[in-house]
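Chemist: Below is the structure I would like to discuss, written out as structure tokens.
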Amino acid sequence: MTTTEATRLPAFLHDRVGGMPRPFWVLWAGTLINRLGTMVEPFLGLYLTETRGLTLGQAGLVLSLLGLGSVFAQIIGGALADRIGRRATLVLAMTLNAAGLLALGYAQGLPAIMASALLLGLVLDMFRPASAAMVADLISPAERPRAFGLLFWAINLGFAVAMVLGGTLARAGYLWLFWADAITCLVFGVLIWRAVPETRARRPRAEREPGGFLDVLRDPVMVGYTLVTLAYTFVLMQAFTTLPLAMRADGLSAQAYGLAVAVNGVLIVLLQPVVNGWLTRRDHSRVIVTGLLVVGAGTALYTAASALWAYAAAVAVWTLGEIAVAAVGQAVVADLAPEHLRGRYSALWGVAWSGGFLLAPLGGTRLLEVGAPVLWLTCAAICAVAAAGLLALAPAIRRAHLRALHGS
């Protein structure tokens with residue numbers, strides 16, 4: 001390696017991982033560890049039907065309760081993050097997650113399983129608004145997209161490994177999945193408690209600015225951005241709800257579906273660290289609009305797919321759009337949010353994701369019953385409408401970013 005090449009590598013790495021404070025890296029490490037243990041959700045349907053003997057309809061009801069609870073978990077977590085602090089909310093959420101996971105793992109009988117699933121759902125995503133608010137507290141507006149991108153990469157890397165480990169542990173018994181998930185939640189909570197100070201600005205009670213979720217809902221830009229995110233999530237989640245059904249109708253196996261979707265994780269892990277810096281230096285609105293259109297185009301390609309390679313190619317296309325949206329999507333929320341409402345703004349954005357997760361199978365399966373081309377072309381149209389909506393919000397998003405950069 002030449003001297004020039006030796007000096008380029010540290011600069012290359014510094015542009016992507018350098019300059020972040022130590023508390024951020026603790027949060028990053030905790031997030032990675034937590035995602036390495038995220039094994040219950042992907043295998044929950046199999047656990048409920050194979051181990052607990054539930055019918056498909058009963059398992060679907062349990063999964064719906066889990067998703068419904070996660071919508072409220074975002075709201076609860078956002079309010080707590082702004083009221084009691086990011087650190088305390090993260091630790092509380094991880095502790096309750098561990099307890100909820102074990103309760104669901106040991107629950108027997110449909111009523112107990114349903115109650116445990118709902119309670120777990122109510123705490124499952126409680127940590128997300130606090131995590132996002134902590135990043136906004138710690139990182140300057142100019143560097144936030146890069147920080148959120150690093151978290152996005154850790155989430156996907158951890159989840160990819162968790163899928164492999166989860167399949168291995170499941171052979172020894174599904175209960176191991178619940179324990180692994182619970183332990184990694186506790187490790188995440190301990191890391192935050194021991195190594196991260198509270199990042200929310202502390203002010204005397206008399207100087208604290210009032211505010212609640214109604215203030216967030218009165219922000220038309222944030223509400224519009226949330227609706228765009230909801231539409232995008234609805235389309236994105238079809239890959240994990242209706243896509244396996246469409247591939248099965250084409251005579252492809254579950255293994256073929258797994259291989260096609262694996263392209264998504266591989267591309268994110270390989271490409272996101274390389275392109276994130278370039279994307280975050282571009283106008284955020286244009287990056288998101290481009291990402292939405294690419295996701296729509298990749299989804300439309302399913303209409304011409306019937307073989308594994310064609311489905312995998314379509315996944316590769318929309319994954320590029322997902323990488324673009326993820327590069328700056330959460331940073332937009334941080335720019336829009338006043339400091340004292342960062343948790344609640346992040347919670348509303350999180351509700352869009354939870355809502356999209358809930359609506360995707362409900363709407364997607366109905367469209368699939370009409371015909372796969374109808375489903376995929378409708379999804380492409382939804383992405384186009386969402387992109388148009390984002391274009392309308394773009395001037396206000398740019399002004400919010402400039403205000404955040406200049407601290408006013």
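Chemist: Filter segment 83-107 down to residues that are outside any helix (DSSP H, G or I) and either in contact with an Asp or Glu (Cβ under 8 Å, 6 or more places away or on another chain) or among the charged types (D, E, K, R) (or both), then give me how many there are.
Modeler: 1
Chemist: Identify, by number, the condition in (1) modelled with pLDDT under 90; (2) assigned to a helix (DSSP H, G or I); (3) surrounded by 14 or more Cβ atoms within 10 Å (Cβ to Cβ) that Thr168 doesn't meet.
Modeler: Every condition holds for Thr168 apart from (3).
Chemist: For segment 135-152, enumerate the residues that are crowded, with 23+ Cβ neighbours inside 10 Å and either touching a Cys at 6+ places or on another chain (Cβ under 6 Å) or free of Cβ contacts under 8 Å to residues at least 40 places away in the same chain (or both).
Modeler: none
Chemist: Looking at the structure I just gave you, is Ala147 over 30 Å from Ala380 (Cβ atoms) and either in contact with a Lys or Arg (Cβ under 8 Å, 6 or more places away or on another chain) or not in a helix (DSSP H, G or I) (or both)?
Modeler: no
Chemist: Determine whether segment 352-372 contains at least one residue that is β-branched (Val, Ile, Thr) and under 22 Å from Val261 (Cβ atoms).
Modeler: yes
Chemist: Look through segment 291-308, keep the residues that are under 30 Å from Thr280 (Cβ atoms) and among the β-branched types (Val, Ile, Thr), and return whichever of them is surrounded by the fewest Cβ atoms within 10 Å (Cβ to Cβ).
Modeler: Among them, the one singled out is Val294.
Chemist: Looking at this structure, is Gly57 modelled with pLDDT under 90, open to solvent by 40 Å² or more (accessible area, probe 1.4 Å) and assigned to a helix (DSSP H, G or I)?
Modeler: So Gly57 passes the test.
Chemist: Regarding Ala404, is this residue at pLDDT 90 or above, out of contact with any strand residue (DSSP E or B) (no Cβ under 8 Å at 6 or more places or on another chain), buried (at least 17 other Cβ atoms within 10 Å of the Cβ) and not β-branched (Val, Ile, Thr)?
Modeler: no
Chemist: If you don't mind, another one. Sort through Leu80, Leu48, Leu90, Leu63 and tell me the only one that's more than 17 Å from Ala347 (Cβ to Cβ), touching a residue at least 40 places away in the same chain (Cβ under 8 Å) and buried (at least 20 other Cβ atoms within 10 Å of the Cβ).
Modeler: Within the list Leu80, Leu48, Leu90, Leu63, the selection yields Leu48.
Chemist: Checking Ser346 against (1) in a helix (DSSP H, G or I); (2) open to solvent by 20 Å² or more (accessible area, probe 1.4 Å); (3) under 24 Å from Gly224 (Cα atoms), which single condition isn't satisfied?
Modeler: So Ser346 meets the others, but not (2).
Chemist: Filter segment 255-274 down to the residues that are out of contact with any helix residue (DSSP H, G or I) (no Cβ under 7 Å at 6 or more places or on another chain) and at pLDDT below 90, then identify the one that is surrounded by the fewest Cβ atoms within 10 Å (Cβ to Cβ).
Modeler: Gln255
The values are calculated or read from the model by the stated rules, or taken from the named source; none is laboratory data. Fair warning: this is a prediction, and the values are worked out from it, not measured in the lab. With ideal geometry, Cβ positions are generated from the backbone for all residues, glycine too; neighbour counts draw on all protein chains shown. Areas reflect the complete protein model, heavy atoms only, side chains present, ligands, DNA and RNA absent. Shrake-Rupley method; radii C 1.70, N 1.55, O 1.52, S 1.80 Å.
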